[in-house]
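Here's the structure, in structure tokens; my notes come after.
The values are calculated or read from the model by the stated rules, or taken from the named source; none is laboratory data. All figures in this text were calculated on a predicted structure; none of them were measured in a lab. Quick reminder, even Gly has a Cβ in these numbers, built from the backbone with ideal geometry, and neighbours come from all protein chains shown.
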Amino acid sequence: MARKVRMGMVGGGRGAFIGGVHRMAAALDGQIELVCGAFSSDPERSRLSGGDLFLPPERSYGSYAEMIEKEKALPEGERMDFVSIVTPNHVHYGPAKMALENGFHVVCDKPLAFNLEEANNLMQLVEETGLLFALTHNYTGYPMVKHARQMISSGQIGAVRKVVVEYPQGWLATRLEETGQKQAGWRTDPKRSGAAGAMGDIGTHAENLAEYMTGLKIKELCADLSIFVDGRLLDDDGSVLLRFDNGAKGILFASQIAVGEENNLNIRVYGEKGGLEWHQQEPNTLVAKWLDQPTQILRTGVGDLAAAAQAHTRIPAGHPEGYLEAFANIYRNFAKCLQARLAGVAVDPIYDDFPTVSDGVRGMQFIEKVVASSANGAVWTDF
């Protein structure tokens, strides 16, 4: 296919954070171009945001419904190929549903939807339409996460026994939402965020990382959620005990009131023969610990790493490779699958690797079960 994949965006206008991240990630490989957008619920702000990005005025739309309707009416050689949804949680379902119903593929920020019912509806639509749907659990895009996944699936550390995944942040240790800070405002508002606060925002990343890296599924959980900041309506801290489908046990901790922490997502996986440790703030390094040999320090771009790790490594060893590159791996893989679909050819399986709508449904189930477990006195709850 001798052209770039064309992207339309919902959300991500002036003052937004994650929209810019998505645009940078989508542009990094030169395979995707932004051609249109509905960047705000305020039509004028949306058009101004489109001007900031040098889009033609006629393709800076006042609403996502207008964008989808007008883009569908364009000739096939001009219209967008997919929609990227970068809005707060309560505005994921509407544009995703309408895009799928009108034949457009979708990339959506996490969590998938506002509640589990919406998530299940989207999964049914994806199954009915056969369209591509990617969810940006971007931490699965890191090369050393993929290498760890391969080590575990190939049995190098033996059967997994214990998983410890932590995601501490400290930015909501005070009632920041009262200062007008936009990101804090919607994340702590149950009308926009959904049933969970910290567990919905970052706990779902921890859940997804644990399942992706180990290849296991959470079977049962026992959760204790807390609100430490007076007046806050949603959890800002939580601990969850996990039981996996192979009999392994786990601990998941997510907090946004851990003072001094920045974005310290980390995971440790212990098997019968060895253990693995990875930290998002030092993503080029994977530590392998062994029962009968010295600890190993594995590095991105060095040595005989798994093919998936090599395919998702972008720059030579010793150069920092992080958040944006991992995010871009999700977009690149989605673009390669979409290009293959449009060209009528098979995609290289190594690129058919990104979180899907089913991962999003797992995330919404996780939120629902964690909230229910905690509300019922931290009881064990089937996943």
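General observations
For (1) outside any loop (DSSP other than H, G, I, E, B); (2) more than 21 Å from Leu241 (Cα to Cα); (3) aromatic (Phe, Trp, Tyr); (4) under 13 Å from the mean Cα position of the chain (by Cα), each residue gets a yes or a no:
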| residue | (1), (2), (3), (4) |
| --- | --- |
| Glu325 | yes, yes, no, no |
| Leu338 | yes, yes, no, no |
| Arg341 | yes, yes, no, no |
| Ala346 | no, yes, no, no |
| Ser374 | yes, no, no, no |
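- Residues located in region 35-94, provided they are more than 20 Å from Ala335 (Cα to Cα) and of a type in the set (Ser, Thr, Tyr): Ser40, Ser41, Ser46, Ser49, Ser60, Tyr61, Ser63, Tyr64, Thr87, Tyr93
- Filtered residue count, region 315-339, keeping only those that are among the hydrophobic types (A, V, I, L, M, F, W, C) and surrounded by fewer than 17 Cβ atoms within 10 Å (Cβ to Cβ): 3
- For Ser41: the one exception among (1) hydroxyl-bearing (Ser, Thr, Tyr); (2) touching a Gly at 6+ places or on another chain (Cβ under 9 Å); (3) modelled with pLDDT of 95 or more: (3)
Residue-by-condition table, conditions (1) buried (at least 17 other Cβ atoms within 10 Å of the Cβ); (2) at pLDDT below 95; (3) small (Gly, Ala, Ser); (4) not assigned by TED's automatic domain parsing to the domain that holds Ile152:
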site	(1), (2), (3), (4)
Leu172	yes, no, no, no
Gly180	no, yes, yes, no
Gly247	no, no, yes, no
Glu262	no, no, no, no
Ile267	yes, no, no, no
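- So Leu291, is it without any contact (Cβ under 8 Å) to a residue 60 or more places away in the chain and closer than 24 Å to Ser153 by Cβ: yes
- Consider region 124-148 and keep the residues that are of a type in the set (Gly, Ala, Ser) and part of a helix (DSSP H, G or I). The one that is farthest from the chain's Cα centre (by Cα) is Ala148.
- Filter pass, Ala206 being crowded, with 17+ Cβ neighbours inside 10 Å, outside any helix (DSSP H, G or I) and out of contact with any His (no Cβ under 6 Å at 6 or more places or on another chain): no
- Every condition in (1) in contact with a strand residue (DSSP E or B) (Cβ under 7 Å, 6 or more places away or on another chain); (2) assigned to a helix (DSSP H, G or I); (3) closer than 23 Å to Arg23 by Cβ is met by Met151 except one, and the failing one is (3).
- Only residues that are within 29 Å of Gln150 (Cα to Cα) and either modelled with pLDDT under 95 or surrounded by fewer than 16 Cβ atoms within 10 Å (Cβ to Cβ) (or both) were counted across region 357-383, and they come to 3.
- Residue in region 276-297 that is closer than 28 Å to Thr381 by Cβ, surrounded by 19 or more Cβ atoms within 10 Å (Cβ to Cβ), in the same structural domain as Ser154 (by TED's automatic domain parsing) and over 25 Å from the mean Cα position of the chain (by Cα) present: no
- Of residues in region 209-253 being of a type in the set (Gly, Ala, Ser), out of contact with any Ser or Thr (no Cβ under 8 Å at 6 or more places or on another chain) and not in a loop (DSSP other than H, G, I, E, B), the one farthest from Asp353 (Cα to Cα): Ser226
Quick grid of which residues meet (1) surrounded by 19 or more Cβ atoms within 10 Å (Cβ to Cβ); (2) part of a strand (DSSP E or B); (3) in contact (Cβ under 8 Å) with a residue 12 or more places away in the chain:
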| position | (1), (2), (3) |
| --- | --- |
| Arg23 | yes, no, yes |
| Glu33 | no, yes, yes |
| Ser49 | yes, no, yes |
| Glu58 | no, no, no |
| Gly62 | no, no, yes |
| Val83 | yes, yes, yes |
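- Criterion: in contact with a Ser or Thr (Cβ under 9 Å, 6 or more places away or on another chain), buried (at least 19 other Cβ atoms within 10 Å of the Cβ) and modelled with pLDDT of 95 or more - qualifying residue of Ala134, Ala113: Ala134
- Being among the aliphatic types (A, V, I, L, M), farther than 17 Å from Tyr212 by Cα and either free of Cβ contacts under 8 Å to residues at least 24 places away in the same chain or in the same structural domain as Glu117 (by TED's automatic domain parsing) (or both) holds for only one residue in Ala311, Ala346, and it is Ala346.
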